[in-house]
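The values are calculated or read from the model by the stated rules, or taken from the named source; none is laboratory data. Keep in mind it's a predicted model, so treat the numbers as computed, not measured. Because the Cβ atoms are built from the backbone with ideal geometry, glycine has one as well, and the counts that use them run over all protein chains shown.
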Amino acid sequence: MWNQKPSFRFEIDNYSEKPSIQIQSKTFVAGGCEWYLNAFPKGGYLADHDHFSLFLQVANRTMLPTGWKRKVSFYFTLLNQSDKELCRSKIVRCKVHDAKHSSWGFQKLCPLSKLQENGVLEKDRLIIEVYINMIEAVDGESGEVPEKHETVDMNGFKVLASQVTKKAFSWEIDNFSERKEEIKSASFSSGGCEWCRLCVQPKGKLVDDHLSLFLDAVNPGSLLPGWRRRASYALFC
């Protein structure tokens, strides 16, 4: 039975300005498995460059064990800014995604001429919805599929939703473009330990084209022998 809500919604802004190369959505979870969408604004390799091409792709497939497979039915809809349906694909029934065929979809989903008609794409935004009905999922010989977790986007990074907590520390650096030497923040407390600080190398450490940023222990020599701190953390600029 099909869910009334899409499994995933992918919005493409400034559609008319997109190059002919593919656009990939972020990874999403549906049916307990990870996926992403592959869209070709000017058509895929076999679409003669006159149709919009769209595919459902298994995510992180190189990390899956030998023998994995995903059996699904799915379909796509294309919408404009007002959620007016511009195109609906046929239902792809009982397709098996595996190591040999990790992607299924449509080379010729919608004529480009339809998307290029005057006023069809309000604010030049194209919205893609995919509806997925999971039939079977197998990860390797054990037949078990590990639980997948929803992710959220934080400043362009994918983070497990369960790991998103209140930030431990915020640091503002004035006149950053004029800084050349290492800059150290004030120490701060996190996880009940008053030992943290941030160290930033504006011109990079051992690299000269990237900013370097580290979480550092304050005065480690003053801590008891054998001390250690095990932590998971994320740094955002």
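Structure notes:
- Check on F40, closer than 17 Å to V130 by Cβ, free of Cβ contacts under 8 Å to residues at least 24 places away in the same chain and either in the same structural domain as R125 (by TED's automatic domain parsing) or among the aliphatic types (A, V, I, L, M) (or both): yes
- Hits in the stretch 15-45 - residues which are modelled with pLDDT of 90 or more and part of a loop (DSSP other than H, G, I, E, B): S25, K26, T27
- Of the listed requirements (1) more than 24 Å from N3 (Cα to Cα); (2) in contact with a Leu (Cβ under 9 Å, 6 or more places away or on another chain); (3) surrounded by 18 or more Cβ atoms within 10 Å (Cβ to Cβ), K108 misses just one: (3).
- Every listed requirement among (1) surrounded by 12 or more Cβ atoms within 10 Å (Cβ to Cβ); (2) assigned by TED's automatic domain parsing to the domain that holds A30; (3) at pLDDT below 80 is met by S142 save one, (1).
- Tally of residues being at pLDDT 95 or above and either acidic (D, E) or surrounded by fewer than 16 Cβ atoms within 10 Å (Cβ to Cβ) (or both) across the stretch 72-82: 1
- With respect to being touching a Pro at 6+ places or on another chain (Cβ under 7 Å) and buried (at least 17 other Cβ atoms within 10 Å of the Cβ), H97 falls outside the description.
- Residue within the stretch 174-194 that is under 26 Å from the mean Cα position of the chain (by Cα) and either under 27 Å from E11 (Cα atoms) or modelled with pLDDT of 55 or more (or both) present: no
- Against the criterion of being in the same structural domain as L121 (by TED's automatic domain parsing) and touching a Cys at 6+ places or on another chain (Cβ under 9 Å), V58 qualifies.
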